[in-house]
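So the structure is just underneath, and the comments pick up after that.
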Amino acid sequence: GEDVEQSLFLSVREGDSSVINCTYTDSSSTYLYWYKQEPGAGLQLLTYIFSNMDMKQDQRLTVLLNKKDKHLSLRIADTQTGDSAIYFCAESSYSSASKIIFGSGTRLSIRP
Amino acid sequence: DVKVTQSSRYLVKRTGEKVFLECVQDMDHENMFWYRQDPGLGLRLIYFSYDVKMKEKGDIPEGYSVSREKKERFSLILESASTNQTSMYLCASSTPGQGQDTQYFGPGTRLTVL
């Protein structure tokens, strides 16, 4: 079945860029998502990218999609303490009937 | 503003008890979902519903059932709670789109079964 994989932890110094990586297996993926979960809260959509795009930028966030390698990344520029959270990569397709497949989440911690 | 609420933030139950987790959304969404979240395993889909009185099994439905009598409310039921059901439970809702189905999540219910 479909699978989404990402590393569990990432530690970054405040002010540096964070890059969170994700790989997926479903070649029919239509949309790729990044969700953020802050401590004690549910998930919140950060951004998404359509599969025919290579890149999407939104303020400090840059999403890169390599469809050939089925690789998605999220870059956070000028990482701040408020960026500490768990980041989930996810994918959906037209055939998945509104279901989204989530990765295990990457916990981003910020060092002073 | 989009809102998904869950009846409890924290719940402690005993093995064998029947447990109800309630979720309400105010966005008139057709789709509703129940996930459990465990460290290192991410979100796993338990059940989902496309419409009132409709339900579909997700990846891990064993030990759970659901009820959707009204469009805005989706209930998760643990018929006989067991310790391996200790987890964070997340409810979400969405409206069908052209493949892009942003899900809106509630704050979660952390259930402990003793």
Legend entry - Within region A:78-112, tally of residues that are open to solvent by less than 20 Å² (accessible area, probe 1.4 Å) and in a loop (DSSP other than H, G, I, E, B): 6
Inset, instruction - Just need a number here: residues in region A:91-112 that are out of contact with any Leu (no Cβ under 7 Å at 6 or more places or on another chain), under 19 Å from A:LEU8 (Cα atoms) and within 14 Å of chain B (Cβ to nearest Cβ). - result: 3
Inset, instruction - Give the residues of region B:7-46 that are open to solvent by 20 Å² or more (accessible area, probe 1.4 Å) and touching a Gly at 6+ places or on another chain (Cβ under 8 Å), sorted by residue number. - result: B:ARG9, B:GLN37, B:ARG44
Legend entry - Test for A:LEU72: is it more than 8 Å from every other protein chain (Cβ to nearest Cβ), hydrophobic (A, V, I, L, M, F, W, C) and either crowded, with 21+ Cβ neighbours inside 10 Å or touching a Pro at 6+ places or on another chain (Cβ under 7 Å) (or both): yes
Legend entry - Those strands (runs of 3 or more DSSP E) lying entirely in region A:1-77 with at least 1 residues touching a residue at least 12 places away in the same chain (Cβ under 8 Å): A:9-13, A:18-24, A:31-37, A:43-50, A:61-66, A:71-76
Legend entry - Residue selected from region A:1-26 under the condition over 22 Å from B:PRO39 (Cα atoms) and modelled with pLDDT of 95 or more, by the criterion nearest to the chain's Cα centre (by Cα): A:SER17
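The values are calculated or read from the model by the stated rules, or taken from the named source; none is laboratory data. All of these numbers come straight from a predicted model, not from anything done at the bench. Cβ: placed from backbone, ideal geometry, glycine included. Neighbour counts: every protein chain shown. Ligands, DNA and RNA are excluded from the accessible area calculation, which covers all protein heavy atoms including side chains. Shrake-Rupley method; radii C 1.70, N 1.55, O 1.52, S 1.80 Å.
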